[in-house]
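The values are calculated or read from the model by the stated rules, or taken from the named source; none is laboratory data. Predicted, not measured: the structure shown is a model, and the values here were computed from it. Cβ: placed from backbone, ideal geometry, glycine included. Neighbour counts: every protein chain shown.
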Protein chains: 2
Amino acid sequence: MSRKVTIALDAMGGDRGSDAVVPAALATLERDDSVSLILVGLPEVLEQARRDAKDRYGSRLGFKPATEVVTMDELPADALRRKKDSSLRGAIELVKEGVADACVSSGNTGALMATARYVLKMLPGIDRPAIISAVPGRERPTYMLDLGANVGCTPQQLLQFALMGSVVASDMLDVARPRVGLLNIGVEDIKGNEVVREAGELLSKSGLNYIGFVEGDGIFHSDVDVVVSDGFVGNVALKTMEGVAKLIAAFLKEEFQRNALRGIQGLIAKSALEALKERLDARRYNGASLVGLNGIVIKSHGSADQFAFENAVKTAIVEARKGILVQIGQLIESQPH
Amino acid sequence: MSRKVTIALDAMGGDRGSDAVVPAALATLERDDSVSLILVGLPEVLEQARRDAKDRYGSRLGFKPATEVVTMDELPADALRRKKDSSLRGAIELVKEGVADACVSSGNTGALMATARYVLKMLPGIDRPAIISAVPGRERPTYMLDLGANVGCTPQQLLQFALMGSVVASDMLDVARPRVGLLNIGVEDIKGNEVVREAGELLSKSGLNYIGFVEGDGIFHSDVDVVVSDGFVGNVALKTMEGVAKLIAAFLKEEFQRNALRGIQGLIAKSALEALKERLDARRYNGASLVGLNGIVIKSHGSADQFAFENAVKTAIVEARKGILVQIGQLIESQPH
């Protein structure tokens, strides 16, 4: 039997709020009976969720009321200072109190990061939190960090990201020693800037399965499991990916709509095109971890629907079951001082 | 009639050397009778090219022998110091001497950059050369720089890149005031690092058609014509694009080969899939300019075939005809001091 875990869900976050979160929660409870969930939200939302659940899950479904909701465009500092009883903060507090093993929110990224840092603090030996997520690869996903939490990093911080990324990839991909690469503009030792070169030296002494520098096109080759960069470069790479995928999808659509014959050809090719779409579906990769905090916090995309939110909850469940915080702590401890 | 221009071609550069360069040269001469070309290469290669040309182009096809060839893996400093009579350098020297209006090489990027800087020097007011190339966009290509010549940049250097990129995009896209964006990790003024924010301030005072920050996915939207970044970020973005395009192509291929039925569907959809492939064909975008030098130098991809090399030569022809160096000089002059 799987280890029992409890996950706190911000029921109000994201563009769809409880319309995505509550169905995802009920589907999760239905699928995995060693998971308990606590919904955090406005009382009327919780009341509706209670009715939807029809007493099916007993104590496995908990409720924690909140009186406030952080909006998507609120400044992080404002959310932190003024909305102390928000659903976003309530979910994080449950992790802090040890009631939940992890929390998930589709809410405002900046507010989630600021509140989580304030409430949970950092893990010992980690300077800054980083955002890590899976992206598609040839044979299996690749984990990338940092995706935008830090605009500039020291070599030591890149090493910390590598250690945390290695733990996340190991747990999520179920591999013992994930291959870790540093994102650079060439694979030779002399390439890149000083920070990346120094980070490369630190990584070769880290005990990680460090494979060296990786270029932008190497992210997808599936000969690397974790790609480390500062948050500026990582964020640009992630959004460039999204942009290219959308561009190609738009080109494909245009080509299959060019004339009536092409339209028919498109209908005939539909199953393959749908399969492609599914393989690249960003919802499958939903659920970025804010690693480095003393608590598991999963950021779901603001536009997440039920399917996407369920995937974010799955990430939280795996990280909680595998005990990612203890694993990161041990890896940090094992480093040469 | 178009303005007459002379372009020097390194006949030995790239993986295919003269097998790509000579046919591309002859096709160019055939297509555009106001272009003259000078092939620079080993005597036996020039002799063969002379035979291939069959006296068809008279003085429009010139030859300059070289005794050395820079290899693709040669260190730039070694190429510069030891191979003073290389075909790569010979082509650049023709630009320096005013015999050619521009040169094109598929050779070693580092060696080309180092030799061009040494021979041609920088344009007044420009600190560092940058690499600019077109990438695909929704309605028309977007020009990106720097793609890897500079790993770290000052705000002033990013401004210089923007000025040069604006000239290149204006000439290549034939638009009067190209829209210029700065690559960043968010579109709000407070996003990114200090260098990008300061560069944003300089750009808003530059007189350019500056539209603000652009995120990675914004590169392809065709609401921006020039995207400016330092060479580290630009190179990662460019290679990430290539990687995603290859990943999607591989996924598509897999889906259409999954079983016999899918194979037939793929055959039926072939014309649309071929059209997509053509639209994304990197060879169409071949020909990166090394801007900032006091001379026009076009870097063709090392793997360029005849079609790709012809496109690089076309870029050289446009830049030479439009007088890109004078245009850049005027724009630099017009800046507030």
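Considered as a group, the residues in the stretch B:134-169 that are outside any helix (DSSP H, G or I) and of a type in the set (Ser, Thr, Tyr) include one that is farthest from B:Leu290 (Cα to Cα), and that residue is B:Thr154. Are any of the residues in the stretch A:143-155 touching a Gly at 6+ places or on another chain (Cβ under 8 Å) and over 28 Å from B:Asn150 (Cα atoms)? No, there is no match, as no residue in the stretch A:143-155 is touching a Gly at 6+ places or on another chain (Cβ under 8 Å) and over 28 Å from B:Asn150 (Cα atoms). Scanning the stretch A:190-229 for residues that are charged (D, E, K, R) and in contact with a helix residue (DSSP H, G or I) (Cβ under 7 Å, 6 or more places away or on another chain) turns up A:Glu198, A:Glu215, A:Asp217, A:Asp225.
Is it the case that the stretch B:279-301 has a residue that's within 14 Å of chain A (Cβ to nearest Cβ), under 21 Å from B:Ala149 (Cα atoms) and not in a helix (DSSP H, G or I)? Within the stretch B:279-301 (the criterion being within 14 Å of chain A (Cβ to nearest Cβ), under 21 Å from B:Ala149 (Cα atoms) and not in a helix (DSSP H, G or I)), the answer is yes, since at least one residue qualifies. Among the residues of the stretch A:110-129, is there at least one that is assigned by TED's automatic domain parsing to the domain that holds A:Glu310, out of contact with any Gly (no Cβ under 7 Å at 6 or more places or on another chain) and among the polar types (S, T, N, Q)? Yes, some residue in the stretch A:110-129 is assigned by TED's automatic domain parsing to the domain that holds A:Glu310, out of contact with any Gly (no Cβ under 7 Å at 6 or more places or on another chain) and among the polar types (S, T, N, Q). Here the stretch B:247-265 is the region considered, the condition is being assigned to a helix (DSSP H, G or I) and more than 7 Å from chain A (Cβ to nearest Cβ), and the residue that is surrounded by the fewest Cβ atoms within 10 Å (Cβ to Cβ) is B:Ala260. Residues considered: A:Leu208, A:Leu159, A:Leu183, A:Leu202. Of these, the only one that is within 14 Å of chain B (Cβ to nearest Cβ) and not aromatic (Phe, Trp, Tyr) is A:Leu183.
Here B:Asn311 meets the list (1) of a type outside the set (Gly, Ala, Ser); (2) in a helix (DSSP H, G or I); (3) over 12 Å from the mean Cα position of the chain (by Cα) almost entirely, failing just condition (3).
For the stretch B:135-148, give me each residue that is more than 11 Å from the chain's Cα centre (by Cα), crowded, with 19+ Cβ neighbours inside 10 Å and at the interface with chain A (Cβ under 10 Å from one of its Cβ atoms). Correct list: B:Pro136, B:Gly137, B:Gly148.
Selection over the stretch A:211-233 of residues that are closer than 17 Å to A:Cys153 by Cβ and either of a type outside the set (D, E, K, R) or facing chain B (nearest Cβ under 7 Å) (or both) gives a count of 9. Return the pairs, sorted by first residue and then second, in which the second residue is not in a helix (DSSP H, G or I), the first residue lies in the stretch B:241-258 and is of a type in the set (A, V, I, L, M, F, W, C), the beta carbons are less than 7 Å apart, and the residues are 6+ apart or on different chains. Close Cβ pairs (under 7 Å, with a partner that is not in a helix (DSSP H, G or I)) amount to B:Met241/B:Val135; B:Leu247/A:Pro136; B:Leu247/A:Arg138; B:Ala250/A:Arg138.
Report, by residue number, each residue of the stretch B:220-230 that is at pLDDT 95 or above and either small (Gly, Ala, Ser) or in a helix (DSSP H, G or I) (or both). Listed by number, the list holds a single entry, B:Ser229. Each residue in the stretch A:86-133 was checked for being assigned to a helix (DSSP H, G or I) and crowded, with 24+ Cβ neighbours inside 10 Å, and 11 of them qualify.
Taking A:Val236, is it modelled with pLDDT of 95 or more and within 12 Å of chain B (Cβ to nearest Cβ)? Taking the combined requirement at face value, the residue satisfies it. On the given criteria, is A:Ile268 under 18 Å from B:Ala269 (Cβ atoms) and facing another protein chain (nearest Cβ under 7 Å)? Taking the combined requirement at face value, the residue satisfies it. The residue of the stretch A:154-191 that is modelled with the lowest pLDDT, among those that are surrounded by fewer than 24 Cβ atoms within 10 Å (Cβ to Cβ), among the small types (Gly, Ala, Ser) and more than 18 Å from A:Gln335 (Cβ to Cβ), is A:Gly186.
Looking across A:Ser222, A:Ser229, one residue alone is surrounded by 24 or more Cβ atoms within 10 Å (Cβ to Cβ) and small (Gly, Ala, Ser). It is A:Ser229. B:Ser59: without any contact (Cβ under 8 Å) to a residue 24 or more places away in the chain and farther than 21 Å from B:Ser106 by Cβ, yes or no? Against the criterion (without any contact (Cβ under 8 Å) to a residue 24 or more places away in the chain and farther than 21 Å from B:Ser106 by Cβ), B:Ser59 qualifies.
All told, B:Glu310 meets the bar of being assigned by TED's automatic domain parsing to the domain that holds B:Asp19 and either among the charged types (D, E, K, R) or loosely packed, with under 15 Cβ neighbours inside 10 Å (or both). Applying a threshold of 9 Å to beta carbon distances and a minimum spacing of six or more residues, or different chains, the list of pairs starting in the stretch B:193-217 at a residue that is on the phi > 0 side of the Ramachandran plot and ending at one that is crowded, with 19+ Cβ neighbours inside 10 Å reads B:Gly207/B:Leu331; B:Gly212/B:Gly181; B:Gly212/B:Leu182; B:Gly212/B:Asn184; B:Gly212/B:Gly200; B:Gly212/B:Leu203.
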